[in-house]
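Input: a single structure, listed below in structure tokens.
The values are calculated or read from the model by the stated rules, or taken from the named source; none is laboratory data. Computed from a predicted model, the values in this text were never measured in an experiment. Note that each Cβ is placed from the backbone with ideal geometry, even for glycine, and that neighbours are counted across all protein chains shown.
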Amino acid sequence: MPTKIAVFIPTYNAAYTLPIVLDRIPQEIKEKVKQIFIIDNASEDNTYLIGIGYRELKGLDNLQIFRNEANRGYGGSQKRAYQYAIDQNFDIVVMLHGDAQYAPEKIPYLLEPLEKGQADMVFGSRIAGLPLKGGMPLYKFLGNKFLTAVQNRVLEMNLTEFHSGFRVFSCHALKKVPFHLCSDDYHFDTDILIQFKCRGLRIMEMPIPTYYGKEKSRVNVVRYGLNVLKSTAEYWLHKHNISRVKKFE
Ligand SMILES: Nc1nc2c(ncn2[C@@H]2O[C@H](COP(=O)(O)OP(=O)(O)OP(=O)(O)O)[C@@H](O)[C@H]2O)c(=O)[nH]1
Ligand SMILES: [Mg+2]
């Protein structure tokens, strides 16, 4: 049976970049995947309409556009996406950000280990590439390095970063983790990685290019960093039986 692959694009006020992201998805992927689905997180701009227009104009019949009635947070949108992917019986789901910070051209490359059954989750690592050359601001690079060092130490892992948003999941693996208990905020990405680690699922990273455009960052880095450290500390407390943390059981 052929592998049923889906590409999920989270969007929030991404009217300008969404068509660029869709255009850049390789034709072979557009033909091969079962579905490309956008979950628009109650954008205040016309992202949702642009998604619909794109499908009509380009005749991209396997493009689906959903919209959250109210903003659910970046993590909240991922929860909806992965539950949907499971319900639709997809085998693999790729998350590709709608703000064009990750290269859609790299989808086939990131899919390969999952298609070959070599991993349960693959993420593209910017740190393993040349992040500063790609315009990653120095404070983000240093913050990423610091958080990653702490996380590797506490989680006894050896990843080059935990913060990339270019991720590919096996839906079979997603069914094994209580991802609905992860944060609705940005550190959903940390929580789910910890869950994969707790369940002994195979995480693989592959170098990818970094691209930062002129857009203003919407992440509050201090809040993000503290939340990541909090999740990591929760894991530590849970592991040492000091407090029970349901999401990491
Ligand atoms: N900010 C934000 N982005 C969301 C939300 N829901 C979905 N997204 C999308 O999720 C992706 C990641 O959000 P970003 O705010 O760019 O976060 P980031 O890439 O981790 O951080 P930056 O380096 O600041 O771009 C983008 O493609 C957004 O369009 C939301 O509620 N808030
Ligand atoms: Mg971004």
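If you go through segment 59-92 and keep only what is charged (D, E, K, R), outside any strand (DSSP E or B) and touching a residue at least 24 places away in the same chain (Cβ under 8 Å), you end up with E69, R72, K79, R80, D91. When R24, R55 are checked against the criterion of being away from ligand 2 (no atom under 15 Å from the Cβ), more than 13 Å from H97 (Cβ to Cβ), of a type in the set (D, E, K, R) and at pLDDT 95 or above, a single residue qualifies: R55.
Beta carbons closer than 8 Å, at least 6 apart along the sequence or on distinct chains, pair a first residue in segment 211-222 that is touching a residue at least 24 places away in the same chain (Cβ under 8 Å) with a second that is more than 9 Å from ligand 1 (Cβ to nearest atom) for Y211/A103; Y211/G134; Y211/G135; Y212/G134; Y212/G135; G213/G135; V221/Y139; V221/G143. Residues that are free of Cβ contacts under 8 Å to residues at least 40 places away in the same chain and in a loop (DSSP other than H, G, I, E, B) were ranked within segment 1-32; the one that is farthest from S77 (Cα to Cα) is M1. Scanning segment 16-37 for residues that are hydroxyl-bearing (S, T, Y) and more than 18 Å from the chain's Cα centre (by Cα) yields one hit, Y16. Within segment 39-56, is even one residue in contact (Cβ under 8 Å) with a residue 40 or more places away in the chain, outside any strand (DSSP E or B) and surrounded by fewer than 16 Cβ atoms within 10 Å (Cβ to Cβ)? No: zero hits. If you filter segment 113-131 down to residues that are out of contact with any Asp or Glu (no Cβ under 9 Å at 6 or more places or on another chain) and surrounded by fewer than 14 Cβ atoms within 10 Å (Cβ to Cβ), you find that the one that is farthest from T190 (Cα to Cα) is K116.
Of all residues in segment 207-249, those that are more than 20 Å from Q78 (Cβ to Cβ), crowded, with 17+ Cβ neighbours inside 10 Å and either more than 16 Å from ligand 1 (Cβ to nearest atom) or not hydroxyl-bearing (S, T, Y) (or both) total 2.
Output the residues belonging to segment 74-94 that are over 18 Å from L201 (Cα atoms) and either of a type in the set (S, T, Y) or within 15 Å of ligand 1 (Cβ to nearest atom) (or both). Of everything in segment 74-94, those that are over 18 Å from L201 (Cα atoms) and either of a type in the set (S, T, Y) or within 15 Å of ligand 1 (Cβ to nearest atom) (or both) turn out to be Y74, G75, G76, S77, Q78, K79, R80, A81, Y84.
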